[in-house]
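The values are calculated or read from the model by the stated rules, or taken from the named source; none is laboratory data. Because the structure is a prediction, the values reported are computed rather than measured. Cβ placement follows ideal geometry from the backbone for every residue including glycine, while neighbour counts extend to all protein chains displayed. Remember, those area values only see protein heavy atoms, side chains included, never the ligands or the DNA or RNA. Shrake-Rupley method; radii C 1.70, N 1.55, O 1.52, S 1.80 Å.
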Amino acid sequence: ATPKAAQVGAKAPVLAIDARRTGRGAAVWIPWMAAVALLIVAVTLGLRVRSLNDELRRQSDLAAAQAAENSRAHEVLEVLTAPSAQRVLLTASKAKPEPTGRAIYLAESGALIFQANDLERIAENKTYELWVIPANGQAPIPAGLFRPDAAGSASVVLPPLPKGVAAKAFGVTIEKAEGSATPTAPIVLAGAVPASGE
């Protein structure tokens, strides 16, 4: 063999070794790159799942709030339209313009809606309090605190009251800001429940 042929033959193994090393290096990096890619996909999916869960929670809360609002509106409508609801006009004897209050009461469910007009303004440390006077002679039941707006109007809608208490009358007093467990004289508005048939 010529010297050139011998030189070429001597270099061939070196090239083969370099090719094997290069192939081994790529084989080591491929799994790491795949693992990094999978990690990125997992993090992205995790963020997407969290975002979807947050949106689902928001939608669920919104649906629950809407259901509660619909339920309350239905209850208000039921009180206003019930044939057995007691409708009472409360008036003051000495005031110009004369304050008035109207109570609609459904004894079997303890549901009460009260609307007052032309009320006098009261001190900041005072409040109006509505009372249910039971027909069985028991103590008056507090039915809500309220303060009139600039026009003298105020309302109490569906206060928490016991069910099944028949009312003889309704009254409004002026109490300290936190209210009272018993009425404080004088009663500024009062109205008796009409007898059946009236």
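Here are the numbers for this structure:
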read-out	value
Count of residues meeting criterion [of a type in the set (Val, Ile, Thr), assigned to a loop (DSSP other than H, G, I, E, B) and farther than 11 Å from Trp131 by Cα] in the range 152-183	1
The range 73-96, residues that are surrounded by 11 or more Cβ atoms within 10 Å (Cβ to Cβ) and closer than 23 Å to Tyr128 by Cβ	Val76, Val79, Leu80, Ala85, Gln86, Arg87, Val88, Leu89, Leu90, Thr91, Ala92, Ala95
Complete set of residues in the range 187-198 that are open to solvent by 80 Å² or more (accessible area, probe 1.4 Å) and closer than 13 Å to Leu130 by Cα	Ile187
Selection count where residues are under 28 Å from the mean Cα position of the chain (by Cα) and buried (at least 18 other Cβ atoms within 10 Å of the Cβ), scope the range 163-183	0
Residue match in the range 134-148 (condition: under 28 Å from the mean Cα position of the chain (by Cα) and assigned to a loop (DSSP other than H, G, I, E, B))	yes
The range 127-141: number of residues that are out of contact with any Phe, Trp or Tyr (no Cβ under 6 Å at 6 or more places or on another chain) and open to solvent by 30 Å² or more (accessible area, probe 1.4 Å)	7
Neighbours by Cβ (under 8 Å, 6+ apart or cross-chain): first from the range 128-155, more than 24 Å from Glu98 (Cα to Cα); second among the β-branched types (Val, Ile, Thr) and open to solvent by less than 10 Å² (accessible area, probe 1.4 Å)	Pro140/Val132; Ile141/Val132
Condition met for Ala151 (farther than 18 Å from Ile113 by Cβ, among the hydrophobic types (A, V, I, L, M, F, W, C), out of contact with any Pro (no Cβ under 6 Å at 6 or more places or on another chain) and modelled with pLDDT under 95)	yes
Residue match in the range 73-85 (condition: touching a residue at least 24 places away in the same chain (Cβ under 8 Å) and assigned to a strand (DSSP E or B))	no
Residue match in the range 99-114 (condition: surrounded by 13 or more Cβ atoms within 10 Å (Cβ to Cβ), in contact with a helix residue (DSSP H, G or I) (Cβ under 9 Å, 6 or more places away or on another chain) and either among the acidic types (Asp, Glu) or not in a strand (DSSP E or B) (or both))	yes
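Residues checked against (1) out of contact with any Pro (no Cβ under 8 Å at 6 or more places or on another chain); (2) closer than 19 Å to Val76 by Cβ:
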position	(1), (2)
Gly110	no, yes
Ile113	yes, yes
Glu120	no, no
Glu129	no, no
Ala135	yes, no
Ile141	no, no
Leu145	yes, no
Val157	yes, yes
Val165	no, no
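Every residue, every condition in (1) among the basic types (Lys, Arg); (2) in contact with a strand residue (DSSP E or B) (Cβ under 7 Å, 6 or more places away or on another chain), yes or no:
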| residue | (1), (2) |
| --- | --- |
| Val41 | no, no |
| Leu47 | no, no |
| Arg58 | yes, no |
| Gln66 | no, no |
| Ser71 | no, no |
| Glu75 | no, yes |
| Arg87 | yes, yes |
| Ala92 | no, yes |
